[in-house]
1. Angle between the Cα long axis of helix 415-431 and the longest principal axis of the chain, 0 to 90 degrees, nearest 10?
2. Contact order normalised by length for the chain, with contacts defined as Cα pairs under 8 Å and 6 or more residues apart; what percent is it?
3. Counting only the backbone N, which residues of segment 137-173 are under 15 Å from the spot 7 Å out from the Cα of residue 131 toward its beta-carbon?
4. What FRET efficiency, computed as 1/(1 + (r/R0)^6) with R0 = 51 Å and r the Cβ-Cβ distance, is obtained for residue 109 and residue 158, rounded to the nearest 0.05?
5. Starting from the Kirkwood radius over alpha-carbon pairs of segment 75-182, derive D by Stokes-Einstein at 10 °C in a medium of 1.306 mPa s and give it in µm² s⁻¹.
6. Based on the mean of other beta carbon atoms within 10 Å per residue, what is the order of 312-319, 141-148, most packed first?
7. In nm, to one decimal, how far is the modelled label at residue 435 from the one at residue 59, with both set 7 Å along Cα→Cβ?
8. Based only on Cα atoms, what Rg/Rh ratio does segment 404-453 have, Rh being taken as Kirkwood's radius?
Ligand SMILES: Cc1cc2nc3c(=O)[nH]c(=O)nc-3n(C[C@H](O)[C@H](O)[C@H](O)COP(=O)(O)OP(=O)(O)OC[C@H]3O[C@@H](n4cnc5c(N)ncnc54)[C@H](O)[C@@H]3O)c2cc1C
């Protein structure tokens with residue numbers, strides 16, 4: 001595989017000449033990462049008429065919402081009206097249709113039926129005309145000094161291949177494509193690179209009395225009352241449970257899915273770190289099951305741990321340096337921009353930093369009390385420029401790693417917002433195919449197109 005690099009072309013890890021790789025296709029738009037952002041981007045691009053490929057390293061679409069078993073959609077509304085519409089709205093309607101035990105008019109914290117959601121994404125993406133390539137990991141990019149990307153190096157069972165495209169959309173959650181271009185990028189707090197903790201989500205089946213909200217009330221913290229986990233943690237048998245954090249959703253009759261506890265010092269861009277995290281997470285899931293069975297036997301006495309995420313739940317890694325970095329001041333000012341491509345009303349959901357773990361304040365208070373929350377009906381705009389990496393010409397970014405400061409990232413990282421930024425990136429990519437310059441598209445035309453797709457902009 002060793003070769004002389006071609007002048008002007010960089011493939012960072014391998015220094016391969018693209019000619020030495022098996023050429024696996026030319027596309028108008030190549031989307032990497034099949035999470036909510038990537039699926040929405042692929043649908044946005046393909047439904048605009050572009051030949052679109054979606055590359056996913058695992059064998060299902062949905063990212064954290066299916067593979068990591070994140071149990072519910074964060075709010076779709078600003079508590080007055082639905083603000084995530086367009087493709088995001090269609091996903092909510094279809095998702096609700098797969099959870100008949102949930103009120104079909106619910107907009108906020110709708111539980112996820114994981115296996116249904118995988119199929120819904122499969123259908124939405126393939127029906128749009130996009131092609132999906134599973135089990136394929138992007139390991140490198142081919143780009144020049146001017147920030148023009150011409151191809152991706154992918155690894156799969158058949159070897160290493162080159163996939164070419166006119167425009168690329170990075171929906172990896174970790175900004176893998178952008179990072180591979182050797183451009184500046186943010187990572188966590190930037191100083192030491194501290195990242196929000198990860199969580200291994202899991203599902204318990206055969207839970208009793210789950211039809212009645214009382215079961216959730218008994219587990220979730222309410223007002224001054226800490227969750228049952230607080231009590232469980234006092235028991236020496238369960239001392240490994242790290243903190244009181246617990247969110248539960250009824251993902252099916254008798255099935256409760258948990259986003260509980262934190263795993264610290266995990267960096268999703270480092271495989272050794274992820275390997276440690278997933279094993280610790282699986283161990284913790286067993287402990288939660290046993291602790292809940294002991295302290296709430298009327299619900300969990302016969303419960304069975306049927307699943308943990310096949311991906312670790314990762315909240316934070318890289319954020320791109322974009323044409324516009326959305327800041328906490330913009331968030332607190334409820335700012336709108338001329339180039340808004342969607343809106344957001346979710347609170348600044350920063351999970352515990354490691355130094356806060358021993359703090360005495362209840363978990364809920366620490367997380368929810370950091371920044372002022374919006375009143376019903378309030379939201380802010382997300383500008384198109386926050387999806388545009390400053391140093392690259394034909395690469396867009398959607399989802400968790402768009403250009404924001406660290407605090408705002410903790411709000412826009414949730415799935416309805418990722419669907420909304422994804423759809424906008426897909427439509428925008430189609431508009432940039434001829435010029436291969438995502439900074440030069442007609443943004444008002446993009447907004448008009450998004451509105452015609454039902455997207456809510458103001
Ligand atoms: C524990 C936890 C709980 C959460 N709770 C909620 C919640 O209740 N509600 C909510 O709405 N949001 C929640 N979130 C946030 C939300 O799930 C994620 O931030 C969101 O899914 C991010 O979407 P994304 O498309 O940007 O990335 P992801 O969902 O992470 O998807 C990225 C996809 O890209 C693929 N990929 C990555 N790198 C490569 C590569 N190099 N080559 C090929 N494929 C690649 C991955 O396999 C993955 O499928 C939670 C997050 C966590 C971690």
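1. That works out to roughly 10 degrees.
2. Contact order relative to length: 23 percent.
3. 152, 154, 161-166
4. 0.75
5. 94 µm²/s
6. 312-319, 141-148
7. For the pair residue 435/residue 59, the computed spacing is 4.3 nm.
8. Ratio of gyration radius to Kirkwood radius for segment 404-453: 1.05.
Coordinate-derived values only; no laboratory data. Keep in mind that what you see is a predicted model, and the values were worked out from it rather than measured. Every residue, glycine as well, gets a Cβ built from its backbone with ideal geometry; the counts of neighbours run over all protein chains shown.
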